[in-house]
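Let me begin by presenting the structure, written as structure tokens, before commenting on it.
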Amino acid sequence: DVDVAAGGVDGLGLGDNAKAGVITRGVAEMARLGEAAGARVETFAGLAGMGDLMVTCWSKLGRNRRAGELIAQGRTAEEAAAEIGQVVEGLSTAPALRDLARRLSVDLPITEAVCSVLGGESLTDVRLRVGEAEDSRRGHAHRNARCRHVRRFVVLATVVGIDLRVGHSDVVQGC
């Protein structure tokens with residue numbers, strides 16, 4: 001699912017830094033879920049974890065990455081899979097990972113966002129829902145242009161799973 005999200009970043013044209021953020025948070029999600037399921041956390045720092053994730057998220061040949069890219073460009077999951085012409089495992093494993101995470105009470109925001117989009121919710125709706133939740137959490141509306149830009153950043157960061165409470169509070173605080 002992280003590779004599907006990384007492809008979504010490509011499809012939206014958000015750039016390498018945004019994709020690196022998704023991948024970094026994705027490794028953290030993988031490690032949290034793995035640990036909760038009994039795996040050793042250090043497994044995710046090796047070839048079977050981070051090594052595999054790097055290839056699947058960056059390679060133009062990655063089926064899951066390509067599916068995310070096509071979906072972000074407006075195709076359905078079914079259309080993306082048909083265009084790729086091979087099995088795209090991430091389209092079926094993302095909901096399974098989400099369900100496992102829920103059973104184990106592990107928070108996987110990237111997986112949740114991917115599953116929402118795969119379930120038919122538009123990227124715009126996912127971003128709006130996340131943004132409204134963020135507004136509600138902070139308890140006030142954004143009124144000036146600076147805060148609108150900060151809010152867009154917060155929404156994107158929340159969708160990709162970046163925790164802005166650490167190191168960016170000075171930017172977000174006033175909005």
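Can you find, within the stretch 12-22, the residue that is farthest from the chain's Cα centre (by Cα) among those that are open to solvent by less than 20 Å² (accessible area, probe 1.4 Å) and in contact (Cβ under 8 Å) with a residue 40 or more places away in the chain?
Going through the stretch 12-22, the residues open to solvent by less than 20 Å² (accessible area, probe 1.4 Å) turn out to be 19, 21-22.
If we keep only those that are in contact (Cβ under 8 Å) with a residue 40 or more places away in the chain too, we end up with 21-22.
Values: 21: 9, 22: 6 Å.
The extreme case among them is 21.
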For this session: Could you list, in sequence order, all residues of the stretch 72-89 that are open to solvent by 60 Å² or more (accessible area, probe 1.4 Å) and in a helix (DSSP H, G or I)?
Result: 78, 79, 82, 83
For this session: May I ask you to verify whether residue 25 is in contact (Cβ under 8 Å) with a residue 40 or more places away in the chain, farther than 14 Å from residue 7 by Cβ and either in contact with a Gly (Cβ under 9 Å, 6 or more places away or on another chain) or not polar (S, T, N, Q) (or both)?
Result: yes
Seminar exercise, completed: With criteria (1) open to solvent by 20 Å² or more (accessible area, probe 1.4 Å); (2) assigned to a helix (DSSP H, G or I); (3) modelled with pLDDT under 95, residue 39 comes up short on (2)
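Given the residues 136, 105, which is the only one that is farther than 26 Å from residue 55 by Cβ, of a type in the set (S, T, N, Q) and at pLDDT 90 or above? Steps first, please.
Details: 136 fails: at pLDDT 90 or above.
Answer to the check: 105.
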For this session: Test residue 127 against the stated conditions and say whether it is open to solvent by 30 Å² or more (accessible area, probe 1.4 Å), within 25 Å of residue 20 (Cβ to Cβ), at pLDDT below 90 and charged (D, E, K, R).
Result: yes
Problem set entry | Search result, residues across the stretch 43-71 that are out of contact with any Asp or Glu (no Cβ under 6 Å at 6 or more places or on another chain), open to solvent by 20 Å² or more (accessible area, probe 1.4 Å), not aromatic (Phe, Trp, Tyr) and not in a loop (DSSP other than H, G, I, E, B) | 43, 45, 47, 48, 50, 51, 52, 54, 55, 63, 66, 71
Exercise. Within the set of pairs 6 or more residues apart or between chains, which connect a residue that is more than 15 Å from residue 8 (Cα to Cα) inside the stretch 104-128 to a residue that is basic (Lys, Arg) with Cβ atoms less than 8 Å apart?
Worked result: 106/32; 107/32; 108/32; 108/98
Problem set entry | Condition met for residue 146 (at pLDDT below 90, over 21 Å from residue 29 (Cα atoms) and in a helix (DSSP H, G or I)) | yes
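If you take the residues of the stretch 94-118 that are open to solvent by less than 70 Å² (accessible area, probe 1.4 Å) and part of a loop (DSSP other than H, G, I, E, B), which of them is farthest from residue 32 (Cα to Cα)?
Taking the candidates together, the pick is 104.
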Problem set entry | Of the criteria (1) in contact with a helix residue (DSSP H, G or I) (Cβ under 7 Å, 6 or more places away or on another chain); (2) touching a residue at least 60 places away in the same chain (Cβ under 8 Å), which one residue 93 fails | (1)
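The values are calculated or read from the model by the stated rules, or taken from the named source; none is laboratory data. The structure presented is a predicted model; accordingly, all values stated were derived computationally and were not measured. Using ideal geometry, Cβ is built from the backbone for each residue, glycine included, and neighbour counts are taken over all protein chains shown. Note: areas computed on protein heavy atoms with side chains; ligands, DNA, RNA excluded. Shrake-Rupley method; radii C 1.70, N 1.55, O 1.52, S 1.80 Å.
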